[in-house]
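Here the structure comes first, spelled out in structure tokens, and everything after it is commentary.
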Amino acid sequence: MESLHERDRVGVQDAVLLDDFKSQPVFVENLRKRFKENLIYTYIGQVLVSVNPYKQLPIYGPSVIGEYQKVHLFEKPPHIYAITDSAYRSLTEESRNQCILISGESGSGKTEASKKVLEYVAAVSENKIELGKVKDKLLQSNPVLEAFGNAKTKRNNNSSRFGKYMDIQFDRMGNPSGGHILNYLLEKSRVIQQGPGERNFHIFYQLLEGIEDEYLYSLKLERKQEKYNYFGFRPNNGADAVNDAEQFKEVCAALDIMGITQREQAEIVAIIASILHLGNVMITEEEGEAILIHDIHIETAAKLLECDLNALKLALTQRTITAHGDSIRTPLNRELAVYARDALAKAIYERLFSWMVSRLNESLLPQNNNLISGTVMGILDIYGFEVFEKNSFEQFSINYCNEKLQQVFIELTLKSEQEEYLKEGIEWEKVEYFNNNVICNLIEERYKGIIALLDEECLRPGEPSDLTFLNKMCEHLSSHKHFVSHKKADSKMKKVIDRDEFMLIHYAGDVVYSVKGFIDKNKDLLFRDLREVMSETGNSITKSVFPKSELMSKKRPETAITQFKISLSHLMDILMSKEPSYIRCIKPNDFQKPGIFSENIVTHQVEYLGLMENLRVRRAGFAYRRLYEPFLKRYKSLCPTTWPYYNGTAKDGVQKLITHLGYNKEEYRMGKTKIFIRYARTLFKTEDAFQAK
Ligand code: ATP
Ligand code: MG
């Protein structure tokens, strides 16, 4: 621990030691001090706060990993390796399943953190040849997923556009034996459109840049990005410092390691190329009927997907409607045909992505079943709370997800605090906290929650509309404390709410959502005719992701938000059954640059991450706790009974030591294995006495 002088300069390494733990500015100032000294990690008890340095620091790699191995969490400066080691040991020594929850906004360093966790686990487990393969596969799944699921955005040149939960499975020796990945909400709209300065998913550029001339020619593609409509805003869309051609080679190598066959790889390439061609398919209109211009693009798209050209053209311009057992083909107008074409491109890509994940999972299946101990460590790398100038369906989904994660956090932290007190035989002191169940209910309650109302409107016969949905919400929810309609908003409120907006008071803050597009995005319609054509393609991946069974099923497919709700509820079950560790990532500035710590931007995130609440919960009982052995080892020289000779138990020694130091009964409790200290100042006094010696 730092001395008094050090604390002034570099702050405290655990925020529970801050004198004024209720003050947000004090908390942020502590982070700032540490950031300036390249100390990017800070604890709040067992929660690790990480501030993105935006530069390579010499704090990673094998030798540092060695230092963190098997030392107690608080014996070394805060580090992601320390958190991981502590989770890994709980897993191997006590067979407790772990999950590491990483959250934070875009660009805060979640994905990099998840890689460090994986790196640590790979390094500390044994290095046998066949094990090496599993580790390689676990590590190589990253470049594949990033190629297909990441893109350059304004906030992050390598932004994950999907949520990811990965389980690492361990054998009885504590070595990784396999893995499993779950993916959430790929931002598929990016396939057809990107914001200014942003790019499509990396793989499109990697393919164009990295593939050999002849291959490219056979796909009827050119390297010129400006040729393709699905590459939006130009010219400023080269990802800084990204070499797409080189990365393509890496991705192909990773695909090889993951056991994805050459044939499968060729099909993947064909699908990506076909999407680029689809985007260039021109559609005009004559007398209200869409006309598809026959050219190289539609021809190549059909050829690459190996489907019947005429069937594809028809499905893009007409729609079969079945009424009273009769099928009638009706022409689409231009607008609808363009919609159908884009919906097809998005659906193909999204399904390819999911196929990729299940294919990676096949390859991560443990080879030797009797070695499996059943213990797992999960890593969750998922979008944090989002508040933009304009918030829509996507932000609503993401923020809903964060409400659910907060629920898990509350339950698991309070549970583990309670368990620790119980285990140590210390009386439990109740912690007051805000329970966000009320917001989760507002969103997901059965009949009149927001999701239920949205689905009801989407499935209503006739012309569902965003505004009718909004009216329904206002009608049913206006008395809810966390729902604010434009009517309810008054002059007292800081935010202006328009007629097509509503506001939710989330646990992390207020967010105004525009209802525009909610219905369309939730219905996520892909005309049946197109699904039919896709189910008959010769490209076996496409064929398998558009199964015939889907067409036969009489059941209406779930809406987008309901699918998400179901997968989230599954995720919650997974997380709740595990022992959690938390990594809260913060980005220090909006420029993706090192050395700049913007107080405003950090404060905002401290709020949305609920860090002050974390701190309060942690400080509510006994802020600081330490095992008897290390505590005695450090401070024994401060007491004549324990220094220079002492041979009693550590617990007795600590008792003698603190009695000698004059700890007051209110300030501490003696647990079975740990001393619990209520105030930071008590510990500081002891530390300063130690340093002064
Ligand atoms: P998104 O939600 O957009 O996926 P993210 O939280 O996953 O964002 P990362 O991609 O992990 O963010 O980090 C963004 C960039 O910040 C990285 O590409 C890297 O340049 C830098 N970075 C993050 N963490 C570290 C670190 N520990 N050391 C050095 N640089 C880092
Ligand atoms: Mg990421």
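I'd like the residue in region 133-189 that is within 24 Å of Y88 (Cα to Cα) and of a type in the set (K, R) and, out of all such residues, is farthest from ligand 1 (Cβ to nearest atom).
The selected residue is R172.
Hey, can you tell me all the residues within region 404-463 that are among the small types (G, A, S) and part of a helix (DSSP H, G or I)? Explain how you work it out, then say what you get.
Filtering region 404-463 down to residues among the small types (G, A, S) leaves 416, 425, 449, 452, 462.
Selection gives S416, A452.
Evaluate the following for E126: is it in a loop (DSSP other than H, G, I, E, B), away from ligand 1 (no atom under 11 Å from the Cβ), of a type in the set (D, E) and surrounded by fewer than 22 Cβ atoms within 10 Å (Cβ to Cβ)?
Working: in a loop (DSSP other than H, G, I, E, B): yes; away from ligand 1 (no atom under 11 Å from the Cβ): yes; of a type in the set (D, E): yes; surrounded by fewer than 22 Cβ atoms within 10 Å (Cβ to Cβ): yes.
Taking the combined requirement at face value, the residue satisfies it.
Run down E445, E463 and say which single residue is free of Cβ contacts under 8 Å to residues at least 12 places away in the same chain, in contact with a helix residue (DSSP H, G or I) (Cβ under 9 Å, 6 or more places away or on another chain) and over 30 Å from F622 (Cβ atoms).
Working: E463 fails: in contact with a helix residue (DSSP H, G or I) (Cβ under 9 Å, 6 or more places away or on another chain).
On inspection, the qualifying residue turns out to be E445.
Under 7 Å between Cβ atoms, at least 6 apart or on separate chains: pull out the pairs that start in region 94-120 with a residue that is farther than 20 Å from H604 by Cβ and end on any residue that is within 11 Å of ligand 2 (Cβ to nearest atom) and of a type outside the set (A, V, I, L, M, F, W, C).
Within 7 Å, the pairs are T111/S160; T111/D381; S114/D381; K115/N142.
Filter region 87-120 for residues that are part of a helix (DSSP H, G or I) and either farther than 18 Å from V376 by Cβ or within 14 Å of ligand 1 (Cβ to nearest atom) (or both) and give the result.
So the first thing to find is which residues in region 87-120 are part of a helix (DSSP H, G or I), and the list is 87-94, 110-120.
Once the filter is applied, which keeps residues that are part of a helix (DSSP H, G or I) and either farther than 18 Å from V376 by Cβ or within 14 Å of ligand 1 (Cβ to nearest atom) (or both), region 87-120 yields K110, T111, E112, A113, S114, K115, K116, V117, L118, E119, Y120.
Please find, within region 76-86, the residue that is farthest from ligand 2 (Cβ to nearest atom) out of those that are buried (at least 22 other Cβ atoms within 10 Å of the Cβ) and under 15 Å from I379 (Cβ atoms).
D85
Kindly establish whether K672 is in contact (Cβ under 8 Å) with a residue 40 or more places away in the chain, within 16 Å of ligand 2 (Cβ to nearest atom) and closer than 25 Å to T413 by Cα. Spell out how you get there, then give the answer.
Numbers: in contact (Cβ under 8 Å) with a residue 40 or more places away in the chain: yes; within 16 Å of ligand 2 (Cβ to nearest atom): no; closer than 25 Å to T413 by Cα: yes.
No: the conditions fail for K672.
Does V376 satisfy being among the hydrophobic types (A, V, I, L, M, F, W, C), touching a His at 6+ places or on another chain (Cβ under 9 Å), within 16 Å of ligand 1 (Cβ to nearest atom) and over 19 Å from T562 (Cβ atoms)? Spell out the reasoning first.
On the way: among the hydrophobic types (A, V, I, L, M, F, W, C): yes; touching a His at 6+ places or on another chain (Cβ under 9 Å): yes; within 16 Å of ligand 1 (Cβ to nearest atom): no; over 19 Å from T562 (Cβ atoms): yes.
When the stated conditions are applied, V376 does not pass them.
Hey, could you check region 572-608 for residues that are within 16 Å of ligand 2 (Cβ to nearest atom) and in a loop (DSSP other than H, G, I, E, B) and say which is farthest from A15 (Cα to Cα)? Break it down into steps so the answer makes sense when it comes.
At the first step, the residues of region 572-608 found to be within 16 Å of ligand 2 (Cβ to nearest atom) are 583-587, 592, 605.
Subset that is in a loop (DSSP other than H, G, I, E, B): 587, 592.
Values: K587: 18, Q592: 26 Å.
Result: Q592.
Would you check which residues across region 170-187 are over 14 Å from the mean Cα position of the chain (by Cα), within 16 Å of V357 (Cβ to Cβ) and either within 13 Å of ligand 2 (Cβ to nearest atom) or surrounded by 19 or more Cβ atoms within 10 Å (Cβ to Cβ) (or both) and list them? Steps first, answer last, please.
Filtering region 170-187 down to residues over 14 Å from the mean Cα position of the chain (by Cα) leaves 170-180.
With the extra rule that they be within 16 Å of V357 (Cβ to Cβ), the set shrinks to 178-180.
Correct list: G178, G179.
Filter region 43-70 down to residues that are of a type in the set (S, T, N, Q), part of a loop (DSSP other than H, G, I, E, B) and within 16 Å of ligand 2 (Cβ to nearest atom), then give me how many there are.
Start the filter on region 43-70 by keeping residues that are of a type in the set (S, T, N, Q), which leaves 46, 50, 52, 56, 63, 69.
Keeping just the survivors that are part of a loop (DSSP other than H, G, I, E, B) gives 46, 52, 56, 69.
From what's left, within 16 Å of ligand 2 (Cβ to nearest atom): 52.
Number of matching residues: 1.
Just checking, does region 11-31 include any residue being at pLDDT 95 or above, within 16 Å of ligand 1 (Cβ to nearest atom) and of a type outside the set (K, R)?
The answer is yes; a qualifying residue exists.
Please work out if T84 is within 16 Å of ligand 1 (Cβ to nearest atom) and part of a helix (DSSP H, G or I). Don't jump to the end; show me each part of the working.
Values: within 16 Å of ligand 1 (Cβ to nearest atom): yes; part of a helix (DSSP H, G or I): yes.
In short, yes.
With a cut-off of at least 3 residues that are of a type outside the set (D, E), under 28 Å from V26 (Cα atoms) and under 45 Å from the mean Cα position of the chain (by Cα), name the strands (runs of 3 or more DSSP E) lying wholly within region 610-693.
On the way: elements: 624-627, 668-670, 674-677.
Where strands (runs of 3 or more DSSP E) fall fully within region 610-693 and carry at least 3 residues being of a type outside the set (D, E), under 28 Å from V26 (Cα atoms) and under 45 Å from the mean Cα position of the chain (by Cα), they are 624-627, 674-677.
State yes or no: is N435 out of contact with any Leu (no Cβ under 9 Å at 6 or more places or on another chain) and modelled with pLDDT of 90 or more?
Details: out of contact with any Leu (no Cβ under 9 Å at 6 or more places or on another chain): yes; modelled with pLDDT of 90 or more: no.
No.
Checking the conditions here, which among E264, E299, E286 is of a type in the set (D, E) and in contact (Cβ under 8 Å) with a residue 60 or more places away in the chain? Quick ask: steps written out before the conclusion?
Numbers: E299 fails: in contact (Cβ under 8 Å) with a residue 60 or more places away in the chain; E286 fails: in contact (Cβ under 8 Å) with a residue 60 or more places away in the chain.
Going through E264, E299, E286 in turn, just one is of a type in the set (D, E) and in contact (Cβ under 8 Å) with a residue 60 or more places away in the chain: E264.
Would you point out which residue out of N30, N38 is more than 20 Å from S114 (Cβ to Cβ), without any contact (Cβ under 8 Å) to a residue 24 or more places away in the chain and either surrounded by fewer than 21 Cβ atoms within 10 Å (Cβ to Cβ) or within 16 Å of ligand 2 (Cβ to nearest atom) (or both)?
Values: N30 fails: either surrounded by fewer than 21 Cβ atoms within 10 Å (Cβ to Cβ) or within 16 Å of ligand 2 (Cβ to nearest atom) (or both).
Unique residue meeting the criteria: N38.
The values are calculated or read from the model by the stated rules, or taken from the named source; none is laboratory data. Small disclaimer: the values here were computed from a predicted structure and weren't measured. Neighbour counts run over all protein chains shown; Cβ positions are idealised from the backbone, glycine included.
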